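Bear in mind these aren't lab numbers, they're just calculated from the coordinates by the rules spelled out. Since the model is a prediction, treat every value here as computed from it, not as a measurement. FYI the Cβ positions are ideal-geometry reconstructions off the backbone, even for glycines, and counts take in every protein chain you see.
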Amino acid sequence: MALNLSQKQVVVAELAEVAAKAHSLIAAEYAGITVEKMTEMRKKARETGVYLKVVKNTLAARAVEGTDYECVKDALVGPLLYAFSTEEPGAAGRLIKEFAKGNDKLQAKVVSVGGQLYPASHVEVLASLPTLEQALGMLARVLAEPASMFARAVKAVGEKDGGAEAPAEAQAETA
């Protein structure tokens, strides 16, 4: 179904708003994917904070103007599915990687993070990024390490001092 000018403007505005706030973008070829798989992917995208949209490349190119994703404009060729990570950078990568395993028709073509364009193979790198919960757990461990090192040092000093006093007391008792 062809969109009229006002409908196109709405799509571009919506996509531009998402692109302005997104952490990463993956554009992937999707031709040949069944409706069931596409519906399943859309459902998983909503659950994981990924904005998934199929739009004409010219509209997507207009939408990313003035955003970190402007660098992808020249790479938008062919029928593409756009996946923007809205909550955490690796979410779109994990989604595309997961669904590409079961469907060889889904192939990443463009990966962009932080205003940089990367080859499609960087989906693996993006997918391997920790989730927000994992990153917070890592941060908590890093922040807790100095305190635990200090506690171990105090305990070691206490054990050393306690061990040195015991023989002196034993010597005093025997004398």
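Extension gain Lys37-Lys160, at 0.36 nm per residue separation less the Cα-Cα distance, in nm? Show your work: numbers first, answer last.
On the way: separation 123, 0.36 × 123 = 44.28 nm, distance 6.49 nm.
My answer for the length gained is 37.8 nm.
Could you work out how far helix 91-101 tilts from the main Cα principal axis of the chain, as a 0 to 90 degree angle to the nearest 10?
70 degrees
Taking other Cβ within 10 Å of each residue's Cβ, how do Tyr118, Tyr51, Tyr82 sort, fewest first?
In increasing order of surrounding Cβ atoms, one gets Tyr118, Tyr51, Tyr82.
Just going by the charge dipole of the chain, with Lys and Arg at +1 and Asp and Glu at -1 on Cβ, which of Val55, Ala83, Ala135 is farthest out on the positive end?
Of the options given, the answer is Val55.
Give me the log10 of I(q) over I(0) for the chain at q = 0.11 Å⁻¹, as the Debye formula computes it from C-alpha points; what are the numbers?
-0.54
To the nearest 10 degrees, how steep is helix 132-174 against the longest Cα principal axis of the chain, on a 0 to 90 scale?
Roughly 10 degrees between the two axes.
If you place +1 on the Cβ of every Lys and Arg, -1 on the Cβ of every Asp and Glu, and leave all else neutral, what size is the dipole of the chain about its Cα centre, to the nearest 20 Debye?
The dipole of the chain has a size of about 1100 debye.
Okay, helix-only estimate at 222 nm for the chain: each DSSP H run of n ≥ 4 adds -39500 (n - 2.57), divide by all residues, round to 500 deg cm²/dmol; what do you get?
-18500 deg cm²/dmol
Over the chain, with a Gaussian network built from C-alpha contacts below 10 Å, which listed residue (Ser85, Ser112, Ser148) shows the highest mean-square fluctuation?
Ser148
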